[in-house]
Amino acid sequence: MKVEYKKCNNPECDEWFQPIKSSKRIYCSSKCRNTYNYKIRLAANNDLIQYNKKFKKLEKILTLLLDANINRLSIEDFNKSEFNTLKLSQKIVFWINGIEKIGHKVQSIVIEEIRKDKPNYIYFYKFKS
């Protein structure tokens with residue numbers, strides 16, 4: 001009986017294996033198959049992953065500022081940051097002290113649209129549903 005060996009289909013793996021259970025097997029192990037497919041998914045979704053990381057970072061920074069009782073940022077500082085390129089979610093309506101405001105939700109933070117009375121600042125608040 002002839003023994004056949006196959007090279008693992010993962011380009012990062014140099015293993016040769018004997019497909020005992022099935023001749024259709026193309027990876028040396030399930031770990032190798034999962035690693036290869038994970039890297040493919042990671043490359044395909046890289047833009048979305050980076051976008052989500054920026055949102056989480058923005059939420060963390062705004063939460064730290066709110067914890068320090070700071071609820072506004074100058075437009076100049078915001079434009080210098082990496083967050084000015086983020087496309088914010090759809091507009092939502094929210095109320096602060098009975099006053100209706102319009103803004104965008106970023107995780108657990110609401111960023112108010114630029115006020116006409118104070119156009120040099122961006123205001124943000126903790127979101128309570």
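Residue by residue through the range 22-28, which ³J(HN,Hα) values in whole Hz follow from phi under the Karplus form 6.51 cos²θ - 1.76 cosθ + 1.60 (θ = phi - 60°), with glycine and proline marked x?
8, 7, 7, 5, 10, 10, 6
How much accessible area per residue does the range 1-115 have, counting only protein heavy atoms and a probe of 1.4 Å, in square angstrom?
Accessible area per residue: 76 Å².
With runs of 4+ DSSP H residues as the only contributors, calculate the mean residue ellipticity of the chain at 222 nm using -39,500 (n - 2.57) per run, divided by the residue total and rounded to the nearest 500.
-11000 deg cm²/dmol
Please label the shape of the chain as rounded, prolate or oblate, based on the square roots a ≥ b ≥ c of the eigenvalues of the alpha-carbon gyration tensor (a/c under 1.5 means rounded; beyond that, a/b larger than b/c means prolate, else oblate).
prolate
Could you tell me the calculated FRET efficiency between SER81 and ASP47, based on Cβ-Cβ distance and R0 = 22 angstrom, to the nearest 0.05?
0.70
Going by a 4.7 Å Cβ-Cβ cut-off, which cysteines of the chain have no partner at all?
Singleton cysteines: CYS32.
In whole percent, how big is the carbon plus sulfur part of the accessible area of the chain, probe 1.4 Å, protein atoms only?
Carbon-and-sulfur percentage of accessible area, whole number: 53.
The values are calculated or read from the model by the stated rules, or taken from the named source; none is laboratory data. These figures come from a predicted structure and were not determined experimentally. As a convention, Cβ positions derive from the backbone with ideal geometry for all residues, glycine included, and neighbour counts pool all protein chains shown. With ligands, DNA and RNA removed, areas are computed over all heavy atoms of the protein, side chains included. Shrake-Rupley method; radii C 1.70, N 1.55, O 1.52, S 1.80 Å.
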